Amino acid sequence: MAFLEISGLRKRFGTLEVLKGIDLSLEKGGFLVLIGPSGCGKSTLLGTIAGLESISAGEICIEGQRINDLHPSKRDIAMVFQSYALYPNMTVAENMAFGMEMRGVPKLEREKAVAEVAKTLQLEHLLKRRPSQLSGGQRQRVAMGRALVRQPRVFLFDEPLSNLDAKLRVDMRVEIKRLHQRTGATIVYVTHDQIEAMTLATRIAVLKDGELQQVGTPHEVYNRPANLFVADFMGSPSMNLLEGKVLRSNGAASVVIEHAGTDPIVFPAPTSADVATLTEGARVIFGIRPEAVSDLEGADGNSKSIATFTGQVEIVEPAGSDTFVVTSIAGKEVTARMRADSDIRVGQSHVFALNLDKAILFDPATTHRI
Amino acid sequence: MSAADLVTAPPRRPTSGQSVITRVVIYGLLLFFAIIYLVPLIVMVMASLKPLDEVTGGNMFALPKSPTFAPWIRAWGEASIGVSDTAGISGYFMNSIKMVVPAVVISTLLGALNGYVLTKWRFPGHKLVFGMMLFACFIPFQSVIIPMAVILGLLGQIGNQLIDATGFSFGFGNPTVNLVLCHVVYGLGFTTLFFRNYYEAFPTELVKAAMIDGAGFFQIFRRVLLPNSTPIIIVTVIYQFTNIWNDFLFGSTFAAGDQSPMTVALNNLVNTSTGVVEYNVNMAAAIIAAAPTLFVYVVAGRYFVRGLMAGAVKG
């Protein structure tokens, strides 16, 4: 049995069901990121693990122990809140020690634990200050310290970085990753930022409208999204999705995409799809990430299958490290990632190369990957 | 012009004729109303520092020719109050203190507890309960006098039975305890309103964090809520202190003779029908009666407005 096991979890508010049967598991030392658009139920799910929200059906277990009906303080968890939720009337040291104080840990032991964690998080010089005298990043570290100091079985993070400015967010992200690697803590982390999810997680669970869309490693979720929603939600800029039709000849399948004005573009079916299931004339959605679309020189030399098409350059977005180029196929926008120094101008006609190894097909009716 | 000149040049201020006139009018009006507001106090202080013949014979705005503290001493410890044997208002002053302090403390604490439950531990029907508590704010004093008298009478009977049984009344039937009860019950609507609105804006995540940290219901209240409630506590204390200290109706109805609070004693002193009317002593007594509320306002007043805003903006 996994370290953290959630099965058949349902949560209703009156007649509104916000979690519709969630099954999740996480091994010890794992980092599970719950991600989804606002209102998808990810924070509610975290709340049910914490015990701050009751559940309508299902089961939550930590190390095989059913914790459904345990009070939050009895679950041996610690939570880092979005607003940090530091007690304004207490110093940093008192904030960190409060949980232990409530559990009757002797003063000397508390001070020792606080000193240790403060050293890890470089908070030693701040211990006597109050939260109002700290910067955003420092508050964030104190909130993490308060969770760490108790050495709980599971850490819960509720969008901990969303109140920080962009630069600090990246720094703290690295710090959380380092902390996870060093302490081997088991973490459940809620975010709506897919970069945080990709960089931090050992497992990502994508939620939408209270239902799990896909659970897997960041690599799986990114490269083999289970459905159109996951494909579109993960990745920035998001995946190019084009409508097409299947064409079969001599056992091989290709995808035909109508291109306005010119001949239709025909690609061999991507290697990721199960060719046998494709029937002649079936409608499919062809998905390819921007980094798999580039100019001919930039195309991946290791790729087994490259297709090309000629498109009009509509927008050029230099992002520093890369340049994103927007063109279109059949009236649908297609974003390509080029080298930063590529000499490309708006209005030009340009040959684009698609790395079909990275392409995937979806069934438009079910939205699932083929 | 050098750089130094630029730095030291005074900032330009709008000095058009209109703005000067506006300022004169505004400050003139403020000064005028401040004087109007202060006149009664000035007259009282003047009168209390003059011997009686100077008060009755002279101009009430005139400065005392031979200033004396004798009226103050007389008011505090010698003047006869109504038909009572007690001399001076000092005893009644202490009566009021003994009534006000527990009443303010209890009603404030209970209000805070109510506000805490009504915002952070919501139960079905919490809105109805709060609505009914608010109702207490709109009930006039006079209309509760008879029901209150019935209840206090009942408590008095219990007290008598306790005295028969144990020789001690445990506070039942004691006029000061009765008044504390009246004021706590009557004040609860207001204190609950203040604290509920304040805690409505209080971050619930702090309560959740404390729950995960293992703090119980009262520990969260005492360690997290209360220490972060200073502004609203001050507002409530000022409001309750002023109301209870200044109350005359409950005091004159439910306490008699030596047990009366300050307000009733002041009335009895001023309305005394024997001998000459000692205006200077009356004035001194009135100032003494007003002093505690004035003191509370001066010490904590700046929090009053701030706290009222804090509670009012969100909720």
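The values are calculated or read from the model by the stated rules, or taken from the named source; none is laboratory data. A quick note: this is a predicted structure, and the numbers were derived from the prediction, not measured. Here Cβ is always computed from backbone atoms with ideal geometry, including for glycine, and neighbour counts include all displayed protein chains. The accessibility values were calculated without ligands, DNA or RNA, using every heavy atom of the protein model including side chains. Shrake-Rupley method; radii C 1.70, N 1.55, O 1.52, S 1.80 Å.
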Highest mean first, how do A:75-81, B:130-136 rank when packing is the count of other Cβ atoms within 10 Å averaged over residues?
A:75-81, B:130-136
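Could you work out how much longer the chain between A:GLU59 and A:ALA330 gets when fully extended? Use 0.36 nm per residue separation minus the Cα distance between them, nm to one decimal.
On the way: separation 271, 0.36 × 271 = 97.56 nm, distance 4.86 nm.
Between A:GLU59 and A:ALA330, full extension yields an extra 92.7 nm.
I'd like to check one number: the per residue accessible area of chain A, probe 1.4 Å, reported in Å² as a whole number. Don't skip to the answer; put the middle values down first.
Numbers: 16630 Å² over 370 residues.
Each residue of chain A exposes 45 Å² on average to a 1.4 Å probe.
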Would you mind getting me the FRET efficiency between B:SER19 and A:ARG103? Use the beta-carbon distance for r and R0 = 45 Å, nearest 0.05.
0.10
By the Cα gyration tensor axes a ≥ b ≥ c (a/c under 1.5 gives rounded; else a/b larger than b/c gives prolate, otherwise oblate), the shape of the protein assembly as shown is prolate
Would the range B:142-280 count as rounded, prolate or oblate if I go by the C-alpha gyration tensor, calling it rounded below 1.5 in a/c and otherwise prolate when a/b exceeds b/c, oblate otherwise?
oblate
Provide a whole-number value for the mean count of partner chain Cβ atoms within 10 Å of the Cβ atoms in peptide A:141-148.
1
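FRET efficiency for B:LEU294 and B:PHE33, Cβ-Cβ distance as r, R0 = 22 Å, nearest 0.05?
On the way: r = 19 Å, r/R0 = 0.85.
Efficiency, from the Cβ-Cβ distance: 0.75.
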Quick one: accessible surface of A:GLU220, probe radius 1.4 Å, all protein chains present, in square angstrom to the nearest 10.
80
So for R0 = 56 Å, FRET eff. of B:PHE217-A:SER238 from the Cβ-Cβ r, to 0.05, ends up at 0.75
In the range B:205-221, which residues give up 40 Å² or more of accessible area once the other protein chains are added, compared with their chain alone (1.4 Å probe)?
B:GLU205, B:LEU206, B:LYS208, B:ALA209, B:MET211, B:ILE212, B:ASP213
How large is the accessible surface of A:MET198 in square angstrom, using a 1.4 angstrom probe and rounding to the nearest 10?
60
For chain A, what % of the accessible area comes from carbon and sulfur atoms, probe 1.4 Å?
49
In Å² (nearest 100), what accessible area is buried between B and A, both sides summed, heavy protein atoms only, 1.4 Å probe?
1700
Full extension from A:ASN250 to A:ILE195: what is 0.36 nm times the residue separation minus their Cα-Cα distance, to one decimal in nm?
15.6 nm
Just to be sure I understand the rule: take each whole DSSP H helix in chain B, project its Cα atoms onto its long axis, keep it if the span is 20 Å or more and its mean Kyte-Doolittle hydropathy is at least 0.0. Which ones pass?
B:17-48, B:90-120, B:141-166, B:175-200, B:230-246, B:279-313
Accessible surface, per residue, of chain B when the full set of protein chains is kept, probe 1.4 Å, Å²:
56
Per-residue Cβ counts within 10 Å, from other chains only, averaged over A:82-91: what number is that?
5
With label points built 7 Å along Cα→Cβ from the Cα atoms of B:ASN271 and A:SER349, find their separation and express it in nm.
10.7
Can you run phi through the Karplus equation (6.51, -1.76, 1.60; θ = phi - 60°) for the range A:278-286 and list ³J(HN,Hα) in whole Hz, with x for Gly and Pro?
7, 9, 3, x, 5, 7, 9, 10, 9
Hey, can you list the residues from the range A:92-118 whose accessible area shrinks by 10 Å² or more with all protein chains present, relative to the chain by itself (probe 1.4 Å, no ligands or nucleic acids)?
A:PHE98, A:GLY99, A:GLU101, A:MET102, A:ARG103
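Quick check: from the Cα gyration tensor, does the range B:96-158 come out rounded (a/c under 1.5), prolate or oblate? Present the calculation step by step, with values, prior to reporting the outcome.
Numbers: a/c = 2.15, a/b = 1.51, b/c = 1.42.
Verdict is prolate for the range B:96-158.
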Could you work out [θ]222 nm for the protein assembly as shown from helices alone, using -39500 (n - 2.57) per DSSP H run of at least four and dividing by all its residues? Round to the nearest 500 deg cm²/dmol.
-14500 deg cm²/dmol
Quick calc of log₁₀ I(q)/I(0), the range B:27-126, Debye, one scatterer on every Cα, no solvent, q values 0.11, 0.19 1/Å, result -0.66, -0.99
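How big is the charge dipole of the protein assembly as shown about its Cα centre, in debye rounded to the nearest 20, if each Lys and Arg gets +1 on its Cβ and each Asp and Glu gets -1 on its Cβ?
Numbers: 59 positive and 55 negative charges, 225 e Å.
The calculated dipole for the protein assembly as shown is roughly 1080 debye.
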Counting Lys and Arg as +1 and Asp and Glu as -1 over every other residue whose Cβ sits under 13 Å from the Cβ of B:THR56, the net charge comes to -2
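Residues of B:228-236, mean number of Cβ from any other protein chain within 10 Å of their own Cβ, rounded to a whole number?
Details: counts 4, 1, 1, 0, 0, 0, 0, 0, 0.
Per residue, the average neighbour count from other chains is 1.
Out of the total accessible area of chain B (probe 1.4 Å, heavy atoms of protein only), what percent is carbon and sulfur?
On the way: 12570 of 17730 Å².
Here carbon and sulfur together make up 71 percent of the probe-accessible area.
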Please calculate the 1.4 Å probe accessible area of B:TYR116, with all protein chains present, and give it to the nearest 10 Å².
0
